[in-house]
1. Let's see if you can work this out: charge +1 on each Lys and Arg Cβ, -1 on each Asp and Glu Cβ, no other charges. What is the dipole magnitude of the stretch 24-82 about its Cα centre, in debye to the nearest 20?
2. Amide H of THR130: which non-local residues (sequence gap of 5 or more, or other chain) have their own amide H closer than 5 Å, using H built in the peptide plane?
3. Please give me, ordered by residue number, the GluC sites (Glu not before Pro) of the stretch 111-186 that lie in loop per DSSP and have at most 14 other Cβ atoms within 10 Å.
4. Under Stokes-Einstein, with the Kirkwood radius over Cα pairs standing in for Rh, what whole-number D in µm²/s applies to the chain at 20 °C and 1.002 mPa s?
5. How far, in nm, would the chain grow between ASP158 and THR185 when pulled straight, counting 0.36 nm per residue and subtracting the alpha carbon separation?
6. Relative contact order of the stretch 1-143, please, whole-number percent, based on alpha carbon pairs below 8 angstrom and at least 6 residues apart.
7. Residues with amide H under 5 Å of GLY43's amide H, sequence separation 5 or more or different chain, H placed in the peptide plane at 1.01 Å from N; which?
8. To the nearest 0.05, what FRET efficiency results for GLN166 and THR63 with a Förster distance of 25 Å applied to their C-beta separation?
Amino acid sequence: MNKAKFITFEGIDGAGKSTHLAWFAEALRKCGKQVLVTREPGGTPLGERLRDILLNQPMNAETEALLMFAARLEHIEQVIKPALQQGTWVVSDRFSDASFAYQGGGRGVKVAKLEQLECWVHENFQPDLTLLFDLPVEVARQRLSNNITLDRFEQEKDSFFEKVQQAYLERRNKHPDRFVVIDATQTPEQVKADLGKAILSINSPL
Ligand code: TYD
């Protein structure tokens, strides 16, 4: 039997990843997997409190990075690793690549500092698969314009999201083995087809 896998969904705000994540988890369940859907920042009682602060309270960029990783440590130790050990697949709406993209690319926190935090919080532990939803910033912004309320990140300028996008692609170049880039400008049916192929790629015996 295949080992339970840890799968993350990433992309700029408005890329549509959350909608597809629900479908993806359901598709895994139909393949007979036990699946836990979770998110970052969040996923634990403390993490959800930190999420509320991170999304609403202005703060120093490095404080933001530290809190993201603090929430992540709780998430990994309390939720992600125990689930994987029990054979449950874990699908997370964002993980550390988001910190490299948003705090690193968007806010300008040095990559070396983020790498130190990554090493501290989850040395030798990475997702088995990361689905990066890619689309032009202006298309993502257009999609977000339908939202009534926007959080602190969603209120950022296009130039911020260009940098976030760029940093995501740099992460992909650094970890090409686990990243699959999904063209998020496609129709929902085409995106589902790509996600289906991605499931097959990791569900086959390694
Ligand atoms: P998001 O998945 O966009 O939530 P929602 O779909 O409910 O709006 O995540 C919330 C925000 O958190 C998002 O704008 C990106 C940001 N974020 C970071 O800046 N760094 C991180 O490490 C993580 C996990 C998220």
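Read-outs throughout are calculated quantities, based only on the coordinates presented, and are distinct from any laboratory measurement. The structure displayed is predicted, hence computed values, not measured ones. No Cβ is skipped: glycine too gets one built from the backbone with ideal geometry, and neighbour counts run over all protein chains shown.
1. Values: 8 positive and 8 negative charges, 84 e Å.
Computed about the Cα centre, the dipole is about 400 debye.
2. THR8, PHE179, VAL180
3. Working: sites: GLU115, GLU118, GLU123, GLU138, GLU154, GLU156, GLU162, GLU170; in loops: GLU123, GLU154, GLU156.
When the GluC sites (Glu not before Pro) of the stretch 111-186 are filtered for loop state and at most 14 Cβ neighbours within 10 Å, GLU123 remain.
4. Working: Rh = 17.3 Å.
It diffuses with D of about 124 µm²/s by this estimate.
5. 8.0 nm
6. Values: 194 pairs, mean separation 62.4, N = 143.
After rounding, I find 44 percent.
7. Amide H neighbours of GLY43: GLU48.
8. Working: r = 23 Å, r/R0 = 0.93.
It comes to 0.60.
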